Amino acid sequence: MLKAVRMLMLRVAWALAGAAICCFLIILIHSRFIRDGKCQLAAGTCEIVTLDRDSSQPRRTIARQTARCACKKGQIAGTTRARPACVDARIVKTRQWCDMVPCLEDEGCDLLVNKSGWTCTQPSGRVKTTTVS
C-alpha cells in the first residue's frame, strides 16, 4: 500500500514538473513574439490601435484612428480601401493621396484644393473627407 502511494506521488510530481516546463516553454516562445509589450507585425502590414468617433454635431461624424504599421523600405503608413496600409513613400511626399487608392471600390477620390487630404464620394452623393495631420 505504501509503495502504491509513493508511486502515485511520484507520478503527480512528474506531471507537475511537466506542466511547469510546458508553461515555461509557452512563456519563452511568447516572449520571442512580444517586444515592448506589443506584438510584432509582419513586414508590410498595419493594425488599428485606437479608433474614436465623435457624433456630437448633427449630420456629421468625426472619426480619428491611429494605426501601427511595419512598412518595408520605401513605404510609409497610409490608407488603402479605407483601411490602414503601407504605401509608396512617394505618394505621401508629393501629397497625391488618391494614388494610394484610399476610397472603397464604388467611391470616387478627389484631392482637397490645398492637398491636405482627400474626399471619397459615394454613388449616393455622401462625401467622406479625410485630412492628414
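The values are calculated or read from the model by the stated rules, or taken from the named source; none is laboratory data. All values reported here derive from a predicted model rather than from experimental measurement. Neighbour counts are summed over all protein chains in view; Cβ atoms, including those assigned to glycine, are modelled from backbone coordinates with ideal geometry. Heads up: the accessible areas ignore ligands, DNA and RNA and are worked out on the full protein's heavy atoms, side chains in. Shrake-Rupley method; radii C 1.70, N 1.55, O 1.52, S 1.80 Å.
Quick notes
- Loop-located trypsin sites (Lys or Arg not before Pro) in segment 88-133 (DSSP state other than H, G, I, E, B) with a sparse environment of at most 13 neighbouring Cβ atoms within 10 Å: K115, R126.
- Computed from the C-beta positions of Q57 and A89, the FRET efficiency with R₀ = 35 Å rounds to 0.55.
- Accessible carbon and sulfur surface of the chain relative to its total accessible area, %, 1.4 Å: 59
- Taking amide hydrogens as placed 1.01 Å from N in the peptide plane, the amide H of G78 sits under 5 Å from those of A85, C86, V87, each at least 5 positions away in sequence or on another chain.
- Remark: segment 67-81, residue by residue, has Karplus-estimated 3J(HN,Hα) of 10, 10, 10, 10, 8, 7, 4, x, 10, 8, 5, x, 9, 9, 6 Hz, where x stands for each Gly or Pro and the curve is 6.51 cos²θ - 1.76 cosθ + 1.60 at θ = phi - 60°.
- Look at the alpha carbon pairs under 8 Å that are at least 6 residues apart: their mean separation over the length of the chain gives a relative contact order of 12 percent.
- Degrees between helix 2-33 axis and first principal axis of the chain (Cα, 0 to 90, nearest 10): 20
- Per residue accessible area in Å² of the chain, where ligands, DNA and RNA are left out and the probe is 1.4 Å: 79
- Computed over the alpha-carbon atoms, the chain gives an Rg to Rh ratio of 1.36, Rh here being the Kirkwood radius from the mean inverse distance.
- Anchor K128: lysines whose Cα lies under 22 Å away (excluding residues fewer than 8 positions away in-chain): K115
- Sites R68 and V113 - FRET efficiency at Förster radius 35 Å, r taken between beta-carbons, to 0.05: 0.70
- Cut-off under 5 Å, modelled amide H: who pairs with Q96 long-range: none
- Dipole moment magnitude, nearest 20 debye, the chain about Cα centre, only Lys, Arg, Asp, Glu C-beta charged: 560
- Using the rule -39500 (n - 2.57) for each DSSP H run of four or more residues, divided by the residues of the chain, the 222 nm mean residue ellipticity is -10000 deg cm²/dmol.
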